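Visitor: If you scroll down you'll find the structure; I have some questions about it.
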Amino acid sequence: MTCKQLGGACDKEFHAASFEEIAEQSKMHGMEMFQRGDQAHINAMNEMGELMKTPNAMKDWVENKRKEFNSLPEDK
Ligand SMILES: [Zn+2]
């Protein structure tokens, strides 16, 4: 899945065997870009922050992404 698909802002691809792993990779990448001051990623993180204020919205988002991840073919 790409950074964008995981709520980020670029087309960087992540590959992992499990959703937890890919979520972790995208989080690390997001934080790295945030520290570099990448505006697109900062905006994306702010949007995720808004989502996190509503626990159910966040949960739905994660579940949708998990389904998306699980529905992908072998090369995730
Ligand atoms: Zn990115």
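Just so it is clear, none of the values below were taken in a lab; they were calculated from the coordinates. Quick caveat: nothing in here was measured; it's all calculated off a predicted structure. Every residue, glycine as well, gets a Cβ built from its backbone with ideal geometry; the counts of neighbours run over all protein chains shown.
Visitor: Rounded to the nearest 0.05, what FRET efficiency do Asn43 and His15 give with R0 = 25 Å and r taken as the Cβ-Cβ distance? Could you check?
Guide: Efficiency for this residue pair is about 0.50.
Visitor: Which number comes out as Rg/Rh for region 1-60 once both Rg and the Kirkwood Rh are worked out on C-alpha atoms? Don't skip to the end; give the middle numbers.
Guide: On the way: Rg = 11.4 Å, Rh = 11.8 Å.
With Rh from the inverse mean 1/r over Cα pairs, Rg/Rh is 0.97.
Visitor: GluC sites (Glu not before Pro), restricted to region 40-76: which are DSSP loop and have at most 10 other Cβ atoms within 10 Å?
Guide: On the way: sites: Glu47, Glu50, Glu63, Glu68, Glu74; in loops: Glu74.
Answer in residue order: Glu74.
Visitor: Modelled label-to-label distance, Asp60 and Thr2, 7 Å Cα→beta-carbon offset: nm?
Guide: 2.5 nm
Visitor: If you don't mind, there's one more thing I want to ask. Arranged by the count of other C-beta atoms within 10 angstrom, fewest first, what order do Met58, Met52 take?
Guide: The fewest-first ordering by Cβ neighbours comes to Met52, Met58.
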